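A short write-up of the structure that comes next.
The values are calculated or read from the model by the stated rules, or taken from the named source; none is laboratory data. Since we're looking at a predicted model, the values are computed, not measured. Methodologically, a virtual Cβ is constructed for each residue, glycine included, from the backbone with ideal geometry; neighbour enumeration extends over all protein chains shown. With ligands, DNA and RNA removed, areas are computed over all heavy atoms of the protein, side chains included. Shrake-Rupley method; radii C 1.70, N 1.55, O 1.52, S 1.80 Å.
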Amino acid sequence: MKALIIVDEQVDFCEGGSLAVNGGAEVVKKTTEFLKENARKYDLILATRDWHEPENSNGGHISDSPDYVDTWPVHCVQETPGAEYHSNLDTDFIQIHIVKGMGRPDYSGFQGVDLESGKSLDEILKTNEINELDILGIAEDHCVKATALDGLYLGYQVRVFKDLTTPVTPGSDALEEVADKGGSII
Ligand SMILES: [Zn+2]
């Protein structure tokens, strides 16, 4: 059984957001086109969102003087417009909504939980007998990479769609590590 994980296609990670990644809005637009063509091929479609607590550093993740490596400006605060899915994403395709980063510096979707049931991503995938994961979204060199590496570590077959992701740091070779650990880069 096969699942698609859409990573952090949120307002704050796209152009005009507080932690904008170049090419973000275009990736989200292409994701919706991909879903229209390919959604029927998946047994489960999930999306993750960064979902930080307001007015605290979320475990040192958010800083007034961010280094854009380990610390970041305020972004994706729970229940604010910046934390919403970007408007280019057709959310009707999403069956499970995972949130992560509640008071913590989470990068991987596997650190997150289903907003409704509180179940972990791994638990939901196992319950649905998912063994193959396709992963896309924002940002290639952080949350996409971390989600892919955790998926491999937990024993899933993992593919990442290179054309449906974009990095914080242009020219990033982040996906090489995913390939080294056994993932496929499409
Ligand atoms: Zn964050």
Item to check | Verdict on residue 144 being touching a strand residue (DSSP E or B) at 6+ places or on another chain (Cβ under 6 Å) and crowded, with 17+ Cβ neighbours inside 10 Å | outcome: yes
Checklist entry - Residues in segment 104-137 that are farther than 17 Å from residue 94 by Cβ and in contact with an Asp or Glu (Cβ under 7 Å, 6 or more places away or on another chain): how many? => result 2
Checklist entry - Given the conditions (1) open to solvent by 80 Å² or more (accessible area, probe 1.4 Å); (2) touching a helix residue (DSSP H, G or I) at 6+ places or on another chain (Cβ under 6 Å); (3) within 15 Å of residue 108 (Cα to Cα), and given that residue 181 satisfies all but one, which numbered condition is not satisfied? => result (3)
Checklist entry - Of the residues in segment 62-73, how many are β-branched (Val, Ile, Thr), assigned to a loop (DSSP other than H, G, I, E, B) and within 11 Å of the ligand (Cβ to nearest atom)? => result 1
Checklist entry - Which residues, taken from segment 160-180, are closer than 19 Å to residue 13 by Cβ and in a loop (DSSP other than H, G, I, E, B)? => result 167, 168, 169, 170, 171, 172
Checklist entry - Can you tell which of 112, 59, 17 is within 16 Å of the ligand (Cβ to nearest atom), touching a residue at least 12 places away in the same chain (Cβ under 8 Å), among the small types (Gly, Ala, Ser) and open to solvent by 30 Å² or more (accessible area, probe 1.4 Å)? => result 59
Next on the checklist: Residues to consider are 86, 75; find the one that is closer than 25 Å to residue 36 by Cβ and either open to solvent by less than 20 Å² (accessible area, probe 1.4 Å) or touching a residue at least 40 places away in the same chain (Cβ under 8 Å) (or both).
Outcome noted: 86
Next on the checklist: I'm trying to understand the selection: among the residues of segment 74-88, which are more than 10 Å from the ligand (Cβ to nearest atom) and assigned to a loop (DSSP other than H, G, I, E, B)?
Outcome noted: 78, 79, 80, 84, 86, 87, 88
Checklist entry - Is there a residue being within 16 Å of the ligand (Cβ to nearest atom) and part of a loop (DSSP other than H, G, I, E, B) anywhere in segment 151-159? => result no
Checklist outcome for this item: residue 164 fails exactly one of (1) crowded, with 20+ Cβ neighbours inside 10 Å; (2) without any contact (Cβ under 8 Å) to a residue 60 or more places away in the chain; (3) closer than 26 Å to residue 19 by Cα, namely (2)
Item to check | Residue list for segment 96-107, restricted to those being surrounded by 15 or more Cβ atoms within 10 Å (Cβ to Cβ), more than 10 Å from the ligand (Cβ to nearest atom) and assigned to a loop (DSSP other than H, G, I, E, B) | outcome: 102
